[in-house]
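One structure is given below, encoded as structure tokens.
The values are calculated or read from the model by the stated rules, or taken from the named source; none is laboratory data. Quick caveat: nothing in here was measured; it's all calculated off a predicted structure. Neighbour counts run over all protein chains shown; Cβ positions are idealised from the backbone, glycine included.
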Amino acid sequence: MSGDIKITKFEDGALYKRRGGTMHFVHWPGSGSKDIAVHYLQLEPGEEFAEHIHEESIDVITLIQGKGEIISKGVVYQVEAGQSIYVPPKTPHGARNTGTETLISIDVLTPPDPVMYAELAADQAKES
């Protein structure tokens, strides 16, 4: 129903495996969220989430645990829990866990990036 609240555990979101780490799509078009997407990412020490771009989406990455690096156009930014990173559309970015604990981020995209969801659908089709 329109206007109803939806509560989803991070780990119950759709699993996305393409770019590294463990990412779950928590709220996204496939779950009924059309205007905004929320993703939950875990990177173990040494793991990377590959550099990529979102053609039309703003990506706000909020680190809630750990420390690491955000890489964009050859520039490396040191980041840690408690920081939020604003990534404009068309800006290459990736992440690397350089710490000793799991890096956890909550990523919010607006509008949602259809490329990622098409990749998820392709992966799910291969698995079935």
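When you look at residue 92, is it farther than 14 Å from residue 19 by Cα and either touching a helix residue (DSSP H, G or I) at 6+ places or on another chain (Cβ under 8 Å) or modelled with pLDDT of 95 or more (or both), yes or no? So residue 92 fails the test. Residues in the stretch 72-87 that are under 14 Å from the mean Cα position of the chain (by Cα) and not hydroxyl-bearing (Ser, Thr, Tyr) were compared, and the one that is surrounded by the fewest Cβ atoms within 10 Å (Cβ to Cβ) is 85.
Looking for whichever is more than 11 Å from residue 96 (Cα to Cα) and acidic (Asp, Glu) here; the options are 69, 55, 48. Which one fits?
Values: 69 fails: more than 11 Å from residue 96 (Cα to Cα); 48 fails: more than 11 Å from residue 96 (Cα to Cα).
None of the other options fit; the residue is 55.
Among the residues of the stretch 43-85, the ones that are farther than 21 Å from residue 111 by Cα and either among the aromatic types (Phe, Trp, Tyr) or in contact with a helix residue (DSSP H, G or I) (Cβ under 7 Å, 6 or more places away or on another chain) (or both) come to 1 in all.
Any residue in the stretch 50-71 that is hydroxyl-bearing (Ser, Thr, Tyr) and over 21 Å from residue 8 (Cα atoms)? Yes; the residues of the stretch 50-71 include at least one that is hydroxyl-bearing (Ser, Thr, Tyr) and over 21 Å from residue 8 (Cα atoms). The set of residues in the stretch 77-128 that are part of a strand (DSSP E or B) and over 21 Å from residue 53 (Cα atoms) contains only 80.
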